[in-house]
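K.L.:
Below is one structure. I have some questions about it.
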Amino acid sequence: MARPVVGIIGNSYLLNDQYPVHAGGQMNSDAIAEVSGCMPLIIPSDPRHVSVEELLATCDGFLFTGGRPNVHPEEYGEAETLAHGDFDRARDAIALPLIRACVDRGQPFFGVCRGFQEVNVAMGGSLYPEIRELPGRMNHRMPPDGTIEEKFELRHDVTFTEGGVFHGLMGSVKVRTNTLHGQGIKDAGARIVIDGYADDGTPEAIYVQGATGFTLAVQWHPEWNADADPVSHALFSGFGDAVRDWAARGDVPTLKAV
């Protein structure tokens with residue numbers, strides 16, 4: 001039996017500082033294949049190559065990944081500054097309308113890091129350009145030095161709403177996560193429910209209220225060690241269940257946001 005297809009939203013990079021590529025991290029594909037039980041398909045996120053309509057017809061679900069480029073502030077009505085960092089306008093042009101279309105259709109998606117921020121912006125929210133500059137906030141960025149294991153080390157707790165969607169999925173109101181992001185939610189978009197926070201008040205877990213599909217997104221990187229870490233495993237296995245439900249019936253979600 002063919003596995004459901006999960007489109008992994010790719011990023012634009014320069015290979016060896018000169019050759020343009022569309023790429024996705026191997027740990028994303030590993031998590032989708034090995035934990036979600038679906039077939040990963042990396043998407044060249046550029047409206048010159050793909051359309052939202054084609055993607056909806058081709059894929060059963062979508063993983064909106066992390067990435068160095070940030071959502072352009074024009075997408076939430078603010079002017080670009082140096083603090084906003086690098087951008088990928090082609091990805092903006094695919095990811096944001098694709099999220100809105102999935103919400104409308106009930107088609108499942110899972111947002112991670114930049115993907116978490118895209119979900120908020122797609123629903124009308126805004127972002128802080130640099131969390132660590134806010135009073136009382138910790139530095140959520142990736143450590144600049146060390147091994148990859150040290151960079152993805154679990155560094156802070158996330159506390160979920162008791163009785164909420166994430167609490168139900170995890171079986172716990174508090175989990176330990178990594179943190180590798182500079183930006184974060186400023187204003188929550190319409191229907192965005194912030195269901196989990198870091199200890200410093202930074203939003204870390206969201207979903208779209210009233211959506212009939214799986215619309216969960218997290219600010220951390222659960223694709224790291226997804227098969228062994230219980231928090232990551234719960235997220236990717238829950239997402240895989242939702243994608244299989246969509247592939248089989250088209251309109252029945254595994255998790256319904258309340």
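The values are calculated or read from the model by the stated rules, or taken from the named source; none is laboratory data. What you see is a predicted model, and the numbers here were worked out from it, not measured in a lab. Neighbour counts run over all protein chains shown; Cβ positions are idealised from the backbone, glycine included. Surface accessibility is based on the protein's heavy atoms, side chains included, excluding ligands, DNA and RNA. Shrake-Rupley method; radii C 1.70, N 1.55, O 1.52, S 1.80 Å.
K.L.:
Quick check: from the Cα gyration tensor, does the stretch 1-108 come out rounded (a/c under 1.5), prolate or oblate?
P.N.:
On the way: a/c = 2.02, a/b = 1.38, b/c = 1.47.
Verdict is oblate for the stretch 1-108.
K.L.:
Another one. Over the chain, with the other protein chains present, what is the accessible area per residue in square angstrom, probe 1.4 angstrom?
P.N.:
Details: 11190 Å² over 258 residues.
So the chain comes to 43 Å² accessible per residue, rounded to a whole number.
K.L.:
Rounded, prolate or oblate for the chain? Axes are the square roots of the Cα gyration tensor eigenvalues, ordered a ≥ b ≥ c, and the cut-off for rounded is a/c under 1.5.
P.N.:
Details: a/c = 1.28, a/b = 1.09, b/c = 1.18.
Since a/c stays below 1.5, the shape of the chain is classed as rounded.
K.L.:
Dipole of the stretch 39-143 (Lys/Arg Cβ +1, Asp/Glu Cβ -1, origin at the Cα centre): which of Pro143, Cys59, Tyr128 lies farthest to the positive side?
P.N.:
Of the candidates, Pro143 comes out farthest on the positive side.
K.L.:
Now for a separate question. By the scheme Lys and Arg +1, Asp and Glu -1, what is the net charge of all other residues having a beta-carbon under 15 Å from that of Ala93?
P.N.:
Working: positive: Arg48, Arg89, Arg91, Arg100, Arg114; negative: Asp46, Glu53, Glu54, Glu74, Glu75, Asp88, Asp92, Glu118.
Cβ neighbours under 15 Å give a net charge of -3.
K.L.:
Rank Phe87, Phe64, Phe160 by mean-square fluctuation in a GNM of the chain with C-alpha springs under 10 angstrom and give only the top-ranked residue.
P.N.:
Phe87
K.L.:
Arrange the peptides 226-235, 142-151, 9-18 so that the one whose residues have, on average, the most other Cβ atoms within 10 Å appears first. Present the calculation step by step, with values, prior to reporting the outcome.
P.N.:
On the way: 226-235: 18.7, 142-151: 11.0, 9-18: 14.1.
Result, highest mean Cβ count within 10 Å first: 226-235, 9-18, 142-151.
K.L.:
How many percent of the accessible area of the chain is carbon or sulfur, using a 1.4 Å probe? Don't skip to the answer; put the middle values down first.
P.N.:
Working: 5600 of 11190 Å².
Carbon plus sulfur share of accessible area: 50 percent.
K.L.:
Something else about it: Non-local amide H neighbours of His72 (under 5 Å, H modeled in plane, Pro and chain starts lacking H): which ones?
P.N.:
Residues meeting the criterion, in which the H sits 1.01 Å from N, are Asp88.
K.L.:
Gap in Å between the Cα centre of the stretch 1-30 and the Cα centre of the stretch 59-93?
P.N.:
16 Å
K.L.:
Gly10: net charge of surrounding residues, Cβ under 10 Å, Lys/Arg +1, Asp/Glu -1, itself excluded? Please report the intermediate quantities before stating the final value.
P.N.:
Values: positive: Arg91; negative: Asp46, Asp88.
Net of charged neighbours comes to -1.
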